[in-house]
1. If we count other beta carbons within 10 Å of each Cβ, what is the order of Tyr87, Tyr124, Tyr117, fewest first?
2. What residues have an amide H closer than 5 Å to that of Asp69, excluding those fewer than 5 places away on the same chain, when H is modeled at 1.01 Å from N in the peptide plane?
3. Rank these for me by crowding, Met180, Met96, Met84, going from fewest to most other beta carbons within 10 Å.
4. Given charges of +1 on the Cβ of Lys and Arg and -1 on the Cβ of Asp and Glu, with all other atoms neutral, how large is the dipole of segment 70-180 about its Cα centre, in debye to the nearest 20?
5. Arranged from highest to lowest average of other beta-carbon atoms within 10 Å per residue, in what order do the peptides 212-220, 97-105 appear?
Amino acid sequence: MANIKSHDPIIDPCWDPVFKSIFTRDTVPSEIARKKLLSAILEEPVKEISISANEPPVSRLDQRQIRYDIQCLFNSGERADIEMTLYPHKWEVFRMEYYLSRLFANQEIRETSSGSYKTLKRSYQISLLARGQLFEDNRFDHRFVYCDPESRIPFGGLTAIITLELEKLGVTAEKAVSAMSEKERWAVFFKYYNDTEKQPLIQEITRKEEGIAMAADVISGFTADEVAFFHEMGVEKYELDMRAHAQEAEEKGWEQGLAEGEARGEVRGEARGEARGWERGRKEVLDLLKTAGYDTQGIEAALKNSRNKPGY
C-alpha cells in the first residue's frame with residue numbers, strides 16, 4: 001500500500017508543479033500512475049511510448065515553468081495533452097481548443113510516402129480543473145467533439161476535448177469506493193488528497209487503485225529540496241494569484257460601470273429623441289394647418305398642453 005505521509009498543504013496534486021512532478025518522472029511508479037490516469041480518463045487501455053513535458057523539465061525545478069502540461073504519444077500513434085489548471089480563466093475553453101489544434105496539426109503526414117489524411121491519428125486535450133466551474137450543469141466530466149448543433153449528427157472527427165471539473169464532485173465523493181469508476185476515483189484523489197476529513201476515503205481509494213497508489217508513492221518520495229521549492233513557488237503563486245484576482249475584479253468593475261453608463265445614456269438618448277421627434281411632428285402639423293388657412297394660435301396652445309398630460 002502507498003505510504004501517504006502527513007499532508008503538507010503545499011503538496012497538493014492539484015497544484016501545477018506538483019501535478020507535473022508526479023506524472024513526468026522517469027520512474028516505474030510515475031509511469032504506472034501516468035498510464036493508469038490516461039486510461040481512466042480515456043476509458044480505454046493506454047500503452048504510452050513517450051512523453052514530452054514542456055520546459056522546464058522535472059529535473060530542473062528551479063526554473064520558471066511556462067505551461068504545466070504533459071504531451072503524450074501512445075503506441076497507436078494517438079496523442080494527448082494533459083494538464084491541471086488550478087484556477088481556470090474565463091477564456092480557458094478557447095485556450096484548450098487552440099492547443100488541441102496545434103497538437104493535432106503537428107502530425108507530419110508528409111514525412112513518409114504512405115502518409116495521407118487517412119493516416120491521421122486521434123488527439124486529445126485533457127484538462128483537469130481544480131477550482132471554479134466552466135459549465136453550468138452538474139456533471140463533472142465532459143467530452144467535447146464536433147457535431148452539427150441542430151441535428152446533433154457527429155462529424156466523426158479525430159479530436160476531442162475532455163474536461164474534469166473537480167468542484168462538481170460533491171455527490172460522487174459520497175459514493176462507495178467500490179461503486180466509483182476509475183475516473184471518479186482519480187478525481188476524488190486529486191480533489192481531497194489534502195482534506196484531513198477525507199483521509200479514510202483517500203486511503204481506501206489508494207488501496208483499490210494501483211495507479212493512485214503509485215501517484216501517492218511519488219508524492220511520498222519528494223525530496224526536501226523539492227518540498228522547499230514548492231513552498232517558494234507557493235509564495236510567488238499567492239502573490240500572482242492575488243494580482244490576477246485584483247485585475248479581474250478591476251476589469252469586472254470597469255465592465256459593470258461601462259454597462260451602467262451605457263444604459264443610462266440609452267435612457268437619456270431615448271428621452272431626447274422622443275422630445276425632438278414630438279417637436280418636429282408638432283411643427284409639421286402646424287405648418288400644414290397654416291398652409292390650409294387655419295388660425296393656429298389656439299391649436300398650438302392645445303398641443304403644448306397635451307404634451308404634458310400622461311400618455312402623451
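Here, each number is a calculation from the coordinates, and none is a lab measurement. Note that the coordinates shown come from a computational prediction; the quantities given were computed from them, not determined experimentally. Don't worry about glycine lacking a Cβ; one is built from the backbone with ideal geometry, like all the others, and counts go over all protein chains shown.
1. Listed from fewest to most nearby Cβ atoms, that is Tyr117, Tyr87, Tyr124.
2. Amide H neighbours of Asp69, under 5 Å, 5+ apart: Asn54.
3. In increasing order of surrounding Cβ atoms, one gets Met180, Met96, Met84.
4. Dipole of segment 70-180, to the nearest 20 debye: 240 debye.
5. So the order, starting with the most tightly packed, is 212-220, 97-105.
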